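Take a look at the structure below.
The values are calculated or read from the model by the stated rules, or taken from the named source; none is laboratory data. Remember, it's a predicted structure, so these values are computed and weren't measured experimentally. Here the Cβ positions follow ideal geometry from the backbone for every residue, glycine too, while neighbour counts run over all protein chains shown.
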Amino acid sequence: MSSFDMNELLNCMHCGFCLPSCPTFQQTGLETYSPRGRIALMKGVAEGTLPVDAEFEQNMYACLGCRACETACPAGVQYGALIEDARELIEDRKKARKRTSFARSATLKHLFMHPQRIRWGGHVLWAMQASGLQKFAEQTGLMKVLPREMAQMQAAVDTVASPAKRKRRQEVVGPDSTSRRRKELDAPAANRKPAMRVGTFTGCIMDVMFYDTNQATARLLAKAGCTVVFARHQVCCGALHAHSGEKADAMELAKQNIVAFEQADVELIVNNAGGCGAALKEYAHWFKDDPDWADRSRQFVSKMRDISELLAELPPLSFTKPVEARVTYQDSCHLAHGQGVRNQPRELIRSIPGVDYVELQNADSCCGSAGIYNITNYDMSMRILDEKMQQVANTKANLVVTTNPGCLLQMKKGILDAGLSERVQAVHIVDLLNQAL
Amino acid sequence: MTEIVGREGVLTTPNSLYAYSFDATPILRANPDVVVIPRTTEQLAQVLRLADAHKIPVIPRGSGTNLAGGTIPVEGGIVLNMTRFNQIYEIDEKNLTVTVGPGVITADLHKAVEAAGLFYPPDPGSQRISTIGGNVAQCAGGMRGLKYGVTKDYVLGLEYVLPSGQVLRAGGKNYKDVAGYDLTRLLVGSEGTLAVITELTLKLLPLPETKRTLVVFCEQMVDAARIVERTVADKIIPATMEFLDQATMRVVDEFSHLGLPRDVAAMLLIEQDGPEQQVARDIDRIAQIARKEGAVDVQVAKTPEEGAKLMAARRSALAALSRLRPTTILEDATVPRARLADMVEAVDRIADKYQVQICTFGHAGDGNLHPTCLTDERDREEINRVEQAFEEIFQTALELGGTITGEHGVGMAKLKYLPQRVGEGGMELMQAIKRAFDPNGIMNPGKVVARSARQRIVVNQP
């Protein structure tokens, strides 16, 4: 059984600076829905004053895990780690009582632990979409067999890539012949540096729902002069498991990923999902006390970059096709608050000719997607999303750029619900950049 | 209770009660019996009537950022969460007033009036989340006290509810109003022990045209104190004169990455606002005074952003200090401006004597110090020494003609020092005033004028 780090809990001096940054506190005004309140409850549990019961569980899972409070906290409290500890404690207790919900174990245990099943799921989804079966199901009310939350979310899902298209993926993509790096490579042998080998972390959901975005990521990197490797045997990053108190499963997945990218023999690893990226960069922290994995996980983390971060390090891409649009940017919480990557995506968007960039008010405040939060805490998620959409409407933007699959889906759903589909679209930054190449 | 405020307005579960058992004061904690969240003055009056009839304690609360234990329900009862009174009713540009509910966040109030070219000067360190009602109840201060005073200098009128449920008004929009006793002033800083404030009318000023920031580094604390003295003697009143001691500077720098020097004893942060030419002239003259009076370095912020960054660093001082040890106890001793250096040196001496770590920063221009003790609440023996050190710090402040709190209020934390400050006669009169407002003693019991003081130990309700 896990326990709380009392020093970390005591680091919180309950000054309240985190309260204005917390989306759930903003919605409710209640102390139990604030980081300060949640840490107090953890203290209550740690000192034995409060039990680990249904109320504590509800309060800990009402948190989005967006970590905006960490950015706001001058005392440097590691809230993200604390909330993971709290959830791990809750799950351990539930296991002891053998009370894990079916839906939860179906997704976390039986789906995300098995990449092959995720791919099959993608094929099934494609088949439904391609055959019109999904439309049919919607019209006949067959979708009602799904829980309300899932039925609501699926409306925002675009058509996924076909199995045939997936089969055509090249495992290694060489540097693009028109890239500046390529020209350097073709220079006389004395000046020649080998093309940088970059592994792409394809992500489980990302590769099903946004297959084309992963392909576009490879194209961007190839244009930037890299050799791109789709490493075999990579699996889900484990973020969802870690955030849901299943740390052991998360660590199992992490080990498989570390091995997969060691075998791929790459200098850097790139990912295009803010949430996955934050988890991938935490591997070293997860394994810090494990002599067999501490060093290997540190190596892995030192190579990990978000796509925006890496593109900012490489020679600048020249975007030649103008995108005539008013564009705004919604931070991915785990990219901004978790990884501290804020400017790079904005700079990249601004560097596209034709773009009229407008900053979104409270861009780094969570959109309510938060992993599977929009399914587990649907009502709160939608309240947060409504407010976000109001702010998006205020910008009068035509494009909302995101950097994480969950945020992208949530934005698509928000645009649909707010009736903004006529003039606003949500797009992953990689797809936007690729369109301008 | 649910009949009055609805089911959503009443919290009784163990987690909710625990979450409202503390404020920003370290170590102190006690559970309420219930948390009640009224939305209207009428609901509030009914809640108070009911509580008064059954002699149930009532503790009004805003965001719980207070630092003297003022909102800890030490005798249980009702925590009255006032955050839903969060409307700005009127910004009156003709009379230069703003009328608000007590639950409005102070920073939101600043933003709203500044958008109209107006200015509400009090700026407590917690303004990002503190409520204006809490500021008024505690008579909060901030960094602009030297030139602009504190909250009590801006409250023109209020609506309040007595424990009997009677709704009353004091003052209004009149800048001049001397009719009868000044009940407005009496309620400002009453720390929720007399009545519950439900509406406030505040005085506004025109927003200063411009502001500039100056940083001064000194090898000795006395040099900094002398620079403050000479500036004021030279008939310049800056908006802000803040100081940080060496230990505080180190920690703030680690947090804010400003590149502050490590080898100086103190830093002064000076801000002047007003018409551009006047500000430029004042900043120049202060810089001259500082150089003449032994400053090792004087830097004028080149841009407003640079100035704002330095001020933001000062605002983060308290929380940044809390990184060093598990428990951070911030105090609020105040002395006449001219005794500032004596007081800072006394704090250092006392910290040595009791072998505790105390960093000091605060409002040099106001003589308002925040000696901040870095300790560990789990170590009872150390906490006892901390308690003794603070006792001596407050004794020294009083001996130097100072006071036990400049802006945080008495609450629970400074209960035992109040008689020394106001005398037995003063205590008796204050208690008689409390009885006149609150005959059954339900309003925030155990605070300010309560008779028995508690040590700084964890208070657990069964």
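From the list B:PRO14, B:PRO32, the lone residue that is touching a Pro at 6+ places or on another chain (Cβ under 9 Å), within 12 Å of chain A (Cβ to nearest Cβ) and farther than 20 Å from B:THR65 by Cα is B:PRO14. For segment A:291-316, the set of residues classified as touching a Ser or Thr at 6+ places or on another chain (Cβ under 8 Å) and either without any contact (Cβ under 8 Å) to a residue 12 or more places away in the chain or surrounded by fewer than 24 Cβ atoms within 10 Å (Cβ to Cβ) (or both) consists of A:PRO316 only. Would you call B:VAL196 more than 14 Å from every other protein chain (Cβ to nearest Cβ), of a type in the set (Val, Ile, Thr), under 26 Å from B:ARG39 (Cβ atoms) and over 23 Å from the mean Cα position of the chain (by Cα)? So B:VAL196 fails the test. Applying the condition of being crowded, with 22+ Cβ neighbours inside 10 Å, in contact (Cβ under 8 Å) with a residue 60 or more places away in the chain and not in a loop (DSSP other than H, G, I, E, B) to segment A:12-29 and asking which residue is farthest from the other protein chains (Cβ to nearest Cβ) yields A:PRO23. Considering only residues in segment A:63-92 that are surrounded by fewer than 18 Cβ atoms within 10 Å (Cβ to Cβ) and within 14 Å of chain B (Cβ to nearest Cβ), the one that is nearest to A:GLY338 (Cα to Cα) turns out to be A:THR71. Against the list (1) within 25 Å of A:ALA72 (Cβ to Cβ); (2) at pLDDT 95 or above; (3) in contact with a strand residue (DSSP E or B) (Cβ under 9 Å, 6 or more places away or on another chain), the condition A:LEU432 fails is (1).
For segment A:30-42, a residue qualifies if it is more than 7 Å from every other protein chain (Cβ to nearest Cβ) and over 19 Å from A:CYS366 (Cα atoms), and the qualifying residues are A:ILE39, A:MET42. Exactly one residue among B:GLU242, B:GLU191 is within 30 Å of B:GLY133 (Cβ to Cβ) and either in a strand (DSSP E or B) or not charged (D, E, K, R) (or both), and that residue is B:GLU242. Remark: pairs (first residue in segment B:85-114, closer than 18 Å to B:GLY134 by Cα and without any contact (Cβ under 8 Å) to a residue 40 or more places away in the chain; second residue surrounded by 17 or more Cβ atoms within 10 Å (Cβ to Cβ) and of a type in the set (Asp, Glu); Cβ separation under 7 Å; 6+ apart in sequence or on different chains) are absent.
So, in segment B:145-182, how many residues would count as being surrounded by 14 or more Cβ atoms within 10 Å (Cβ to Cβ), polar (S, T, N, Q) and in contact with a Leu (Cβ under 8 Å, 6 or more places away or on another chain)? It would help to see each step written out before you state the result.
Filtering segment B:145-182 for residues surrounded by 14 or more Cβ atoms within 10 Å (Cβ to Cβ) gives B:145-165, B:167, B:169-173, B:177.
Going one step further and asking which of them are polar (S, T, N, Q), we end up with B:151, B:164.
Okay, now just the ones that are also in contact with a Leu (Cβ under 8 Å, 6 or more places away or on another chain), so B:164.
Residues in segment B:145-182 being surrounded by 14 or more Cβ atoms within 10 Å (Cβ to Cβ), polar (S, T, N, Q) and in contact with a Leu (Cβ under 8 Å, 6 or more places away or on another chain): 1 in total.
Residues that are surrounded by 18 or more Cβ atoms within 10 Å (Cβ to Cβ), within 30 Å of B:ASP92 (Cβ to Cβ) and not polar (S, T, N, Q) within segment B:209-256 comprise B:LYS211, B:PRO238, B:ALA239, listed in sequence order.
B:ILE286: in contact (Cβ under 8 Å) with a residue 60 or more places away in the chain and in contact with a Ser or Thr (Cβ under 8 Å, 6 or more places away or on another chain), yes or no? Yes.
Taking (1) touching a helix residue (DSSP H, G or I) at 6+ places or on another chain (Cβ under 9 Å); (2) within 30 Å of B:ILE329 (Cα to Cα); (3) buried (at least 18 other Cβ atoms within 10 Å of the Cβ); (4) away from chain A (no Cβ under 11 Å) in turn, B:ILE72 satisfies each apart from (1).
Is it fair to say B:GLU345 is more than 14 Å from every other protein chain (Cβ to nearest Cβ) and free of Cβ contacts under 8 Å to residues at least 12 places away in the same chain?
For B:GLU345, the condition - more than 14 Å from every other protein chain (Cβ to nearest Cβ) and free of Cβ contacts under 8 Å to residues at least 12 places away in the same chain - is not met.
For segment B:294-330: of the residues being more than 14 Å from chain A (Cβ to nearest Cβ) and in contact with a Pro (Cβ under 9 Å, 6 or more places away or on another chain), which is surrounded by the fewest Cβ atoms within 10 Å (Cβ to Cβ)? Only one residue fits best here, namely B:ASP297. Being buried (at least 16 other Cβ atoms within 10 Å of the Cβ) and within 16 Å of B:PHE243 (Cα to Cα) is the requirement here; does B:PHE390 meet it? When the stated conditions are applied, B:PHE390 does not pass them.
Anything in segment B:346-355 that is in a loop (DSSP other than H, G, I, E, B) and under 23 Å from the mean Cα position of the chain (by Cα)? List them, or say none.
Step one: of segment B:346-355, the residues in a loop (DSSP other than H, G, I, E, B) are B:354-355.
If the condition is that a residue be in a loop (DSSP other than H, G, I, E, B) and under 23 Å from the mean Cα position of the chain (by Cα), then no residue fits.
If you go through segment B:320-345 and pick out every residue that is in a helix (DSSP H, G or I) and of a type in the set (D, E, K, R), you end up with 4. Tallying residues that are more than 23 Å from the chain's Cα centre (by Cα) and either within 14 Å of another protein chain (Cβ to nearest Cβ) or part of a strand (DSSP E or B) (or both) within segment B:267-280 yields 1.
Quick check on B:ALA265: is it under 30 Å from B:ASN384 (Cβ atoms) and of a type in the set (A, V, I, L, M)? When the stated conditions are applied, B:ALA265 passes them. Report yes if B:LEU207 is modelled with pLDDT under 95 and not charged (D, E, K, R), otherwise no. Taking the combined requirement at face value, the residue does not satisfy it. Is at least one residue of segment A:410-429 closer than 17 Å to A:ARG350 by Cβ and either modelled with pLDDT under 95 or in a helix (DSSP H, G or I) (or both)? Yes. Just wondering, is there one or more residues in segment A:32-55 that are over 30 Å from A:VAL160 (Cα atoms), crowded, with 21+ Cβ neighbours inside 10 Å and touching a residue at least 60 places away in the same chain (Cβ under 8 Å)? Within segment A:32-55, none of the residues are over 30 Å from A:VAL160 (Cα atoms), crowded, with 21+ Cβ neighbours inside 10 Å and touching a residue at least 60 places away in the same chain (Cβ under 8 Å). Is it fair to say B:PRO57 is away from chain A (no Cβ under 11 Å) and touching a helix residue (DSSP H, G or I) at 6+ places or on another chain (Cβ under 6 Å)? Judged against the criteria, B:PRO57 is not a match. Just one of the numbered conditions (1) surrounded by 24 or more Cβ atoms within 10 Å (Cβ to Cβ); (2) more than 14 Å from every other protein chain (Cβ to nearest Cβ); (3) farther than 21 Å from B:LYS211 by Cα is not true of B:MET82: (2).
Entry remark, segment B:39-63: residues being crowded, with 24+ Cβ neighbours inside 10 Å, over 20 Å from B:HIS408 (Cα atoms) and not hydrophobic (A, V, I, L, M, F, W, C) number 0 in total.
With the condition kept exactly as written, say whether any residue in segment B:392-415 is out of contact with any Phe, Trp or Tyr (no Cβ under 6 Å at 6 or more places or on another chain), part of a strand (DSSP E or B), over 25 Å from B:PRO73 (Cα atoms) and modelled with pLDDT of 95 or more. Steps first, answer last, please.
Within segment B:392-415, the first condition is being out of contact with any Phe, Trp or Tyr (no Cβ under 6 Å at 6 or more places or on another chain), and the residues that meet it are B:392-393, B:395-403, B:405-415.
Those still in the list that are part of a strand (DSSP E or B) too: B:403.
After this cut, where a residue has to be over 25 Å from B:PRO73 (Cα atoms) as well, the list is B:403.
Right, trim to modelled with pLDDT of 95 or more and you get B:403.
Looking through segment B:392-415, at least one residue is out of contact with any Phe, Trp or Tyr (no Cβ under 6 Å at 6 or more places or on another chain), part of a strand (DSSP E or B), over 25 Å from B:PRO73 (Cα atoms) and modelled with pLDDT of 95 or more.
For A:GLY277, the criteria (1) buried (at least 21 other Cβ atoms within 10 Å of the Cβ); (2) over 24 Å from A:ASN404 (Cα atoms) hold in every case but one, which is (2).
With respect to (1) assigned to a helix (DSSP H, G or I); (2) surrounded by 18 or more Cβ atoms within 10 Å (Cβ to Cβ), the lone exception for B:VAL264 is condition (1).
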